[in-house]
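In what follows, a structure is listed as structure tokens, so that the remarks can point back to it.
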Amino acid sequence: MESSTVKRHGLTAVLMADVSGYSRLMGRNEEVTAQRIDRAVNLIRQLIADYGGEVRNVAGDGVLALFDSASLCVKFAIAMQKEFARDTVWNTGAEPILFRIGINVGDVREDDSGIQGHSVNIASRIQDLARPGGICITKAVTQVARDIGDARLTSLGTPELKNIDEPIEVFAIEMTGGPNAELAPAPPVIQRDDGSDHIPDSSVAVLPLENMSGQPQDSHLCNGVTGDIISNLTRFHDLHVIAQQSSSAFQNQSLMPDQIARKLGVRYLTSGGFQRAGDKLRVRLQLIEAASGRSIWSEKFDGEIGDIFEFQDEATAIIASSLSIKIDFAERQRQQKSAPADLQAYGLILRGRDVYKQPRRELNLHARRLFEQASEVDPAYAVSYTSISKTSNDAWRFNWADQPDQALDDAIAKAELAVRLDPDDARGYAALGNACMYKRLHDESLASYERAIQFNPNDADILAETGHSAGVCGDADRAVDLIKRAMLLNPFYPDWYLWHLGEAYFDMSDYDEAIRTLSRMRDKTEAYRMLTASSALQGRMEEARAYAKQVLNTHPEFTIAHWANVPPDRNPEPRERLIEGLRKAGLK
């Protein structure tokens, strides 16, 4: 007869993780290894909660966690393993901490001695089959996990499992992309209003650096360095710089330089390769005149990973001067001041940016954990607070925060701190402008965005965000102009450009153009509200009701009561029309 303290869980996803080579690592340096594993386990605890799971036991190098959702359990495992793979880039002086993970689903028994059961034993056994940094799951997991992101499964057959009699098919997970891989690039470049194909003389696209190391964990470093060079170049008023979103669309494509340049609308291309071996770096760059294919400048940089910011500054200066754009001493000082004192903080920011690309609650929380760690490693690093501000703002907008007002106040406070720490960083002002906009501090929002444009006049994202702020403040015509300008700088623009452009047309009561614009979005998740309202206000009720169903499918927590407070328009009339249209379509 069972004890009265026994608790039985229904169908549960069981995750077992342990550190590969734990005894060897402890034998080499017990104190340092214990500290590193403790930090790793603390991060795991936080991330598991963000993915709807719970750590139920930690013993030395092992972690046992339970999830109600098998899909979220697998997504967490993939995100966790990618986290620790990337972490090795920034811990070159020590052997990496690599976990092996096993996942099973089944009934779980809990009593005074802890979590037990046949399903737990199976998870423990298949964990032993996983390679360091790998994941193994049972066939039962594949049958109930309907959505496991970008995972590719390889069957390992039915290996013999210690003390497990029945044959169990086991699969190894092969991870093919980021935790939220980018959508395919948008089609064609936006044409100039006058129909010409004029290309600015001083126009350049920085193509993604090739990862010559061949190590997947180095890809985020390549992307981060590419992005920082682009961001530095956008400071120059006379330079037309293509955004990273668009230049990255040509990664691994076998096109001639003139073909890429025509598609992006530039005269010059910068390309190169990036190689890391431990803490040693080798980077080669070249600046090409696209029409002729002539190399204007090429250089090879050798150094250590700690020299990466010096390399970025030097590359920016050479590219700018080669295009006859003056870079003065004050500009060099501004770039150097923005670098973190601790390289680990930069690594955490790059890892967080990889995660923070789609509006999903668990990804928002995951990225925030990394940005917060960056602020703890280097409390004076302004970029970390800019990044935290964005996650707080999204938590408020998408109704993910338990205390919404507190989340929005935090977004403003963190952005203000970022601006105080680095008064020359455009992204800090942009984050402050965004937070102030949703707080309905309209003048403060627009002023912050104008300040951001002063520092980075060619940053496509900042221009598009400023357009949104202008529209919210009642100037829909300027909103359209700014967003179209952003599209020229970022011809493979993300969906949210179209979202804000469609919103500007809605504010003008041009519902046809709003629908045409929003219908071009590849992922219409955030467009369904305005598509619903625009269709309803035109009397196209069948379409409106179909869009309304999509609103509830993509955001089941949606309510008009909440959303009536989200659009931050200074003039309440567009917001009132939006709510009217949503109600007409049957939303409540």
Next on the checklist: Give all pairs with beta carbons closer than 9 Å in which a residue from region 212-237 that is closer than 21 Å to Val355 by Cα meets a residue that is in a helix (DSSP H, G or I) and among the acidic types (Asp, Glu); count only pairs at least 6 apart in sequence or on separate chains.
Outcome noted: Gln217/Asp87; Ser219/Asp354; His220/Asp354; Asn223/Asp354; Gly224/Asp354
Checklist entry - Among the candidates Arg360, Arg351, which residue alone is under 30 Å from Thr554 (Cα atoms) and modelled with pLDDT under 85? => result Arg360
Checklist entry - If you check Asp258, Asp218, which single one turns out to be over 29 Å from Ala452 (Cα atoms), in contact with a Lys or Arg (Cβ under 8 Å, 6 or more places away or on another chain) and either assigned to a helix (DSSP H, G or I) or of a type in the set (A, V, I, L, M) (or both)? => result Asp218
Item to check | Enumeration of residues in region 100-120 that are at pLDDT 90 or above and either surrounded by fewer than 16 Cβ atoms within 10 Å (Cβ to Cβ) or under 30 Å from Leu25 (Cβ atoms) (or both) | outcome: Arg100, Ile101, Gly102, Ile103, Asn104
Next on the checklist: Condition first: assigned to a loop (DSSP other than H, G, I, E, B), under 30 Å from Gly227 (Cα atoms) and touching a strand residue (DSSP E or B) at 6+ places or on another chain (Cβ under 6 Å). Can you find one or more residues in region 521-539 that meet it?
Outcome noted: no
Checklist entry - So, of the residues in region 432-475 that are over 23 Å from the mean Cα position of the chain (by Cα) and assigned to a loop (DSSP other than H, G, I, E, B), which turns out to be surrounded by the most Cβ atoms within 10 Å (Cβ to Cβ)? => result Cys473
Item to check | Selected residue (only one of Ala418, Ala395 is closer than 16 Å to Ile349 by Cβ and of a type outside the set (Asp, Glu)) | outcome: Ala418
Checklist entry - So which residues in region 266-282 are in contact with a helix residue (DSSP H, G or I) (Cβ under 7 Å, 6 or more places away or on another chain) and at pLDDT below 90, if there are any at all? => result Phe274, Arg276, Asp279, Leu281
Checklist entry - Given the conditions (1) surrounded by fewer than 21 Cβ atoms within 10 Å (Cβ to Cβ); (2) at pLDDT 90 or above; (3) aliphatic (A, V, I, L, M), which single one is not true for Val566? => result (2)
Checklist entry - Out of region 487-520, which residues are farther than 21 Å from Ala460 by Cα and outside any helix (DSSP H, G or I)? => result Met508, Ser509, Asp510, Ser519
Checklist entry - Restricting attention to region 146-156, which residues are modelled with pLDDT under 80 and either of a type in the set (Ser, Thr, Tyr) or in contact with a Ser or Thr (Cβ under 8 Å, 6 or more places away or on another chain) (or both)? => result Arg146, Asp147, Ile148, Asp150, Ala151
Checklist entry - Is it the case that some residue within region 280-291 is of a type in the set (Gly, Ala, Ser) and either buried (at least 17 other Cβ atoms within 10 Å of the Cβ) or in a loop (DSSP other than H, G, I, E, B) (or both)? => result yes
Checklist entry - For residues in region 256-268 being out of contact with any Phe, Trp or Tyr (no Cβ under 9 Å at 6 or more places or on another chain) and within 14 Å of Pro200 (Cα to Cα), which is surrounded by the fewest Cβ atoms within 10 Å (Cβ to Cβ)? => result Arg262
Checklist entry - Scanning for something touching a residue at least 60 places away in the same chain (Cβ under 8 Å) and under 28 Å from the mean Cα position of the chain (by Cα), does region 535-550 turn up at least one residue? => result no
Checklist entry - Limited to region 238-252, what total is found for residues that are touching a residue at least 24 places away in the same chain (Cβ under 8 Å) and over 13 Å from Ala460 (Cα atoms)? => result 5
Checklist entry - Which ones in region 337-361 are crowded, with 20+ Cβ neighbours inside 10 Å and within 12 Å of Thr391 (Cβ to Cβ)? => result Gly352, Val355, Tyr356
Item to check | Members of region 299-316 that are assigned to a helix (DSSP H, G or I) and either surrounded by fewer than 18 Cβ atoms within 10 Å (Cβ to Cβ) or under 25 Å from the mean Cα position of the chain (by Cα) (or both) | outcome: Ile305, Gly306, Asp307, Ile308, Phe309, Glu310, Phe311, Gln312, Asp313, Glu314, Thr316
Item to check | Output for region 415-431, where each listed residue is in a loop (DSSP other than H, G, I, E, B) and not charged (D, E, K, R) | outcome: Pro423
Checklist entry - If we scan region 476-484, do we find a residue that is surrounded by fewer than 19 Cβ atoms within 10 Å (Cβ to Cβ), part of a helix (DSSP H, G or I), among the aliphatic types (A, V, I, L, M) and on the phi < 0 side of the Ramachandran plot? => result no
Checklist entry - Which ones in region 127-173 are touching a residue at least 40 places away in the same chain (Cβ under 8 Å) and in a strand (DSSP E or B)? => result Ile135, Ile137, Ala151, Val170, Ala172, Ile173
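The values are calculated or read from the model by the stated rules, or taken from the named source; none is laboratory data. These numbers come from a predicted model, not from an experiment. Counting neighbours? That spans all protein chains shown, and the Cβs are built from the backbone with ideal geometry, glycine included.
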